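J.: Let me begin by handing over the structure; questions about it come next.
The values are calculated or read from the model by the stated rules, or taken from the named source; none is laboratory data. For clarity, every value in this text was computed on a predicted model and none was experimentally measured. All Cβ positions, even for glycine, are placed from backbone atoms using ideal geometry, and neighbour counts span all protein chains on display.
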């Protein structure tokens, strides 16, 4: 099955700086890569996703890049704000139409004011 | 529109007991997925239901089962509880269970097995 590795496990950044989280996956058939944000006491929330036919996608301060050859994808958060503090998960699935996601272990992001 | 709701939010059971967790998806959503979240194993897929049929299943023992009703509400059951079943159980719904639809997670049910 799919194996997703995520780094770093914790990340502390100064407010206004950028944060980068990297993930690698093992199954070359994977073609959908979502990113989730989980705040304390809540379920994960989808923040951005990318498909294998796209190399980069941006939504305001958040961007995701995908390198299918190297089998890795990254989340970039620019101009970080205190409300960006949360646990972030990357995920992948090799099935085009199924939400059978394999998740990374998560990155705890702390934005220092 | 109301979000995904899960009941109960917290549950304490003892080894050997069985437990049933409930999930009400967003109105109109037909796909419901279940995930187990633990500090050691992270988020792991349990199973997914669409129109009362299980479409996908993760690598969990047969003690974990689920079902979906005609109104799309779903339940998952864990029999013969073990200490290792202590986890946050998350339910997620999407309109059609396809990746062009956003998947919305509920707040989870925290299960503690003593």
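J.: Of the conditions (1) free of Cβ contacts under 8 Å to residues at least 24 places away in the same chain; (2) over 30 Å from residue B:6 (Cβ atoms); (3) part of a loop (DSSP other than H, G, I, E, B), residue A:29 clears all except one; give me its number.
T.: Of (1) free of Cβ contacts under 8 Å to residues at least 24 places away in the same chain; (2) over 30 Å from residue B:6 (Cβ atoms); (3) part of a loop (DSSP other than H, G, I, E, B), only one is false for residue A:29: (1).
J.: I would also like to ask the following. Scanning region A:1-26 for residues that are within 14 Å of chain B (Cβ to nearest Cβ) and not in a strand (DSSP E or B), which turns out modelled with the lowest pLDDT?
T.: Once the filter is applied, the top-ranked residue is A:1.
J.: For residue B:92, state whether it is within 11 Å of chain A (Cβ to nearest Cβ) and under 18 Å from residue B:44 (Cβ atoms).
T.: Yes.
J.: Listed residues B:28, B:62; which is under 15 Å from residue B:98 (Cβ atoms), more than 11 Å from chain A (Cβ to nearest Cβ) and assigned to a loop (DSSP other than H, G, I, E, B)?
T.: Every option except B:28 fails the conditions.
J.: Please enumerate the residues belonging to region A:92-113 that are modelled with pLDDT under 95 and either within 22 Å of residue B:93 (Cα to Cα) or within 7 Å of another protein chain (Cβ to nearest Cβ) (or both).
T.: Correct list: A:92, A:93, A:94, A:95, A:96, A:97, A:98, A:99, A:100, A:101, A:102, A:103.
J.: Among the residues of region B:81-89, is there at least one that is modelled with pLDDT of 95 or more, in contact with a helix residue (DSSP H, G or I) (Cβ under 9 Å, 6 or more places away or on another chain), buried (at least 17 other Cβ atoms within 10 Å of the Cβ) and more than 13 Å from chain A (Cβ to nearest Cβ)?
T.: no
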